[in-house]
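Engineer: My questions will all concern the structure given below.
The values are calculated or read from the model by the stated rules, or taken from the named source; none is laboratory data. It should be emphasised that the depicted structure is a prediction, and the values quoted were computed from it without experimental measurement. Every residue, glycine as well, gets a Cβ built from its backbone with ideal geometry; the counts of neighbours run over all protein chains shown.
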Amino acid sequence: MTALTLAPPQGSAIARTLRDGGVVTWRNLMNVRRNPELLLGATIQPIMFVLLFAYVFGGSFGGGAYREFLMGGIFAQTVAFNSAFTTIGMANDLQKGVIDRFRSLPMSRMAVLLGRTTADLAVNSLGLLVMSLCGLVVGWRIRGSFTDAVLAFVVLLLFGFVMSWIGAFVGLLSGKVEVAQSAGFIWMFPVTFISSVFVVQTTLPGPLRTFAEWNPVTAVADSVRGLFGNPPLPGFERPDGWVADNATLYAILCCIAIFAPLAVAKYRKVASK
């Protein structure tokens, strides 16, 4: 494990947590640097989704128009899926005894979780950059203002950061890498696919449509589409209602990190064993 040099416990608790969290973040990024294959899921997988749906299924939904619609959904899906790597990373540290090592150090307990989620935020940023370049290749364009485009990426990174805290919580519950590899993805498939990631939510039947309309993934996808200035998918009924009309506001509200205190409480319980 990378050697950690942590400052003695002095100063305010917040400053200490941020300082220690920065050290753990650096440690996790160094692990990614030494094992670059960890980036494959954050870079190659979204490219595969873009190419698959843009060219294999895109012809049935309007070709170029569907590609512009698709990118907002792929952005939202990717930052959500990347929380699985937080789940696996946390379970791996727990299984290998790294958490026990951290427990013996004079450091903030929240710093371990903050370091893990912040490092994965950096990975998310790289993934969004790769996806943006891929989107430009297949015909996607940012048609809104520069300010709106920046806000769209902020919404995506904020959502990805919150999803990482959920992933950390699931990883602590899993305890083992083998369990985390399944648990990190199982719950995410219905959440991301019953949404407006690939299709307009108005095409879904009954309860699935209601779930999709209030699904945070739908809000994030619709929000970034609007901020990027990408037009609605032609030939399909446009969604209406408060969520559809206030997608960005609802997406930000959904990013209130209710899972952060849950993850910290679970970590304290695990670290006290």
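Engineer: Can you find a residue that is part of a helix (DSSP H, G or I) and touching a Phe, Trp or Tyr at 6+ places or on another chain (Cβ under 6 Å) anywhere in the stretch 76-85?
Structural biologist: Looking only at the stretch 76-85, we keep the residues that are part of a helix (DSSP H, G or I), and these are 76-81, 83-85.
Checking which are touching a Phe, Trp or Tyr at 6+ places or on another chain (Cβ under 6 Å) leaves us with 79, 84.
So far as the stretch 76-85 goes, yes, one or more of its residues are part of a helix (DSSP H, G or I) and touching a Phe, Trp or Tyr at 6+ places or on another chain (Cβ under 6 Å).
Yes or no, residue by residue, for (1) of a type in the set (D, E, K, R); (2) under 19 Å from the mean Cα position of the chain (by Cα):
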position: Trp165; (1), (2): no, yes
position: Val170; (1), (2): no, yes
position: Val191; (1), (2): no, yes
position: Ser195; (1), (2): no, yes
position: Val200; (1), (2): no, no
position: Ala221; (1), (2): no, yes
position: Val224; (1), (2): no, yes
position: Glu237; (1), (2): yes, no
position: Gly241; (1), (2): no, no
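Engineer: For the stretch 136-217, which fully contained helices (runs of 4 or more DSSP H) count at least 1 residues that are touching a Lys or Arg at 6+ places or on another chain (Cβ under 8 Å), at pLDDT 85 or above and buried (at least 17 other Cβ atoms within 10 Å of the Cβ)? Break it down stepwise before answering.
Structural biologist: Values: elements: 146-174, 177-186, 188-193, 206-214.
The helices (runs of 4 or more DSSP H) meeting that bar are 146-174.
Engineer: Also, quick follow-up: Kindly evaluate Ile88 against the criterion of being crowded, with 20+ Cβ neighbours inside 10 Å and within 20 Å of the chain's Cα centre (by Cα).
Structural biologist: Working: crowded, with 20+ Cβ neighbours inside 10 Å: yes; within 20 Å of the chain's Cα centre (by Cα): yes.
When the stated conditions are applied, Ile88 passes them.
Engineer: List the pairs whose first member sits in the stretch 117-136 and is within 17 Å of Met71 (Cβ to Cβ), whose second member is outside any helix (DSSP H, G or I), and whose Cβ atoms are under 8 Å apart, counting only residues at least 6 apart or on separate chains?
Structural biologist: Matching pairs, first to second residue: Asn124/Asn82; Gly127/Asn82.
Engineer: Given the criterion more than 30 Å from Leu233 (Cβ to Cβ), assigned to a helix (DSSP H, G or I) and of a type outside the set (Ser, Thr, Tyr), identify the matching residue among Leu113, Leu105, Leu51, Leu129. Even if it seems obvious, please write down each step before you answer.
Structural biologist: Values: Leu105 fails: assigned to a helix (DSSP H, G or I); Leu51 fails: more than 30 Å from Leu233 (Cβ to Cβ); Leu129 fails: more than 30 Å from Leu233 (Cβ to Cβ).
Result: Leu113 is the single residue among Leu113, Leu105, Leu51, Leu129 that is more than 30 Å from Leu233 (Cβ to Cβ), assigned to a helix (DSSP H, G or I) and of a type outside the set (Ser, Thr, Tyr).
Engineer: Return yes or no: is Pro46 under 18 Å from the mean Cα position of the chain (by Cα) and at pLDDT below 85?
Structural biologist: yes
Engineer: Only residues that are within 20 Å of the chain's Cα centre (by Cα) and of a type in the set (Val, Ile, Thr): list them for the stretch 107-156, please.
Structural biologist: Across the stretch 107-156, the qualifying residues are Val112, Thr117, Thr118, Val123, Val130, Val150, Val154, Val155.
Engineer: With respect to Gly115, determine if the residue is surrounded by fewer than 19 Cβ atoms within 10 Å (Cβ to Cβ) and touching a Lys or Arg at 6+ places or on another chain (Cβ under 9 Å).
Structural biologist: Values: surrounded by fewer than 19 Cβ atoms within 10 Å (Cβ to Cβ): no; touching a Lys or Arg at 6+ places or on another chain (Cβ under 9 Å): yes.
So Gly115 fails the test.
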